[in-house]
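Just below is one structure, and these are the notes that go with it.
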Amino acid sequence: ICYAWAEEAGVSKFGSFSGSGSGTSITGLGFSPRLLIVKSFSGSNNTDWLVIDSERGANEQVYANTNGIEQTGSGWSLDSDGFTPDGGTWDASGTNYIYMAWS
């Protein structure tokens, strides 16, 4: 399966960030994300596909590539122009992450 999306200003944004270990804020999306998908792609911290949506709240999480149930995390926020991951697993120093966000 291949999913192919294109960015549309104010609707969707795709990018990457490098973890700092201290809650890096990702800004410049142009909207507050209603749906966010994040995954590490390099570094020592290998993560699953994390899915967060604004309906359930930033700390109610589903992992798209597992058969696990919804989990409650902490430290995430969906901001007015982006998002802030927790300062641990999802912002590990030396790890790079990709994200997909929709308004």
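The values are calculated or read from the model by the stated rules, or taken from the named source; none is laboratory data. What you see is a predicted model, and the numbers here were worked out from it, not measured in a lab. Note that we place each Cβ from the backbone using ideal geometry, even for glycine, and neighbour counts take in every protein chain shown. Side chains are part of the model used for accessible areas, which takes the heavy atoms of the whole protein and leaves out ligands, DNA and RNA. Shrake-Rupley method; radii C 1.70, N 1.55, O 1.52, S 1.80 Å.
Tallying residues that are open to solvent by 60 Å² or more (accessible area, probe 1.4 Å) and more than 10 Å from Gly30 (Cα to Cα) within the range 9-20 yields 2.
If the condition is being open to solvent by less than 50 Å² (accessible area, probe 1.4 Å), over 24 Å from Glu8 (Cα atoms) and in a strand (DSSP E or B), then the range 45-103 contributes Glu60, Gln61, Val62, Tyr63.
Within the range 23-44, if we keep just the residues that are hydroxyl-bearing (Ser, Thr, Tyr) and either under 13 Å from Asn96 (Cβ atoms) or assigned to a strand (DSSP E or B) (or both), the residue that is most open to solvent (accessible area, probe 1.4 Å) turns out to be Ser44.
Do we have Ser54 as among the polar types (S, T, N, Q), in contact with a Leu (Cβ under 8 Å, 6 or more places away or on another chain) and modelled with pLDDT of 95 or more here?
Numbers: among the polar types (S, T, N, Q): yes; in contact with a Leu (Cβ under 8 Å, 6 or more places away or on another chain): yes; modelled with pLDDT of 95 or more: no.
Here the answer is no, as Ser54 does not meet what is asked.
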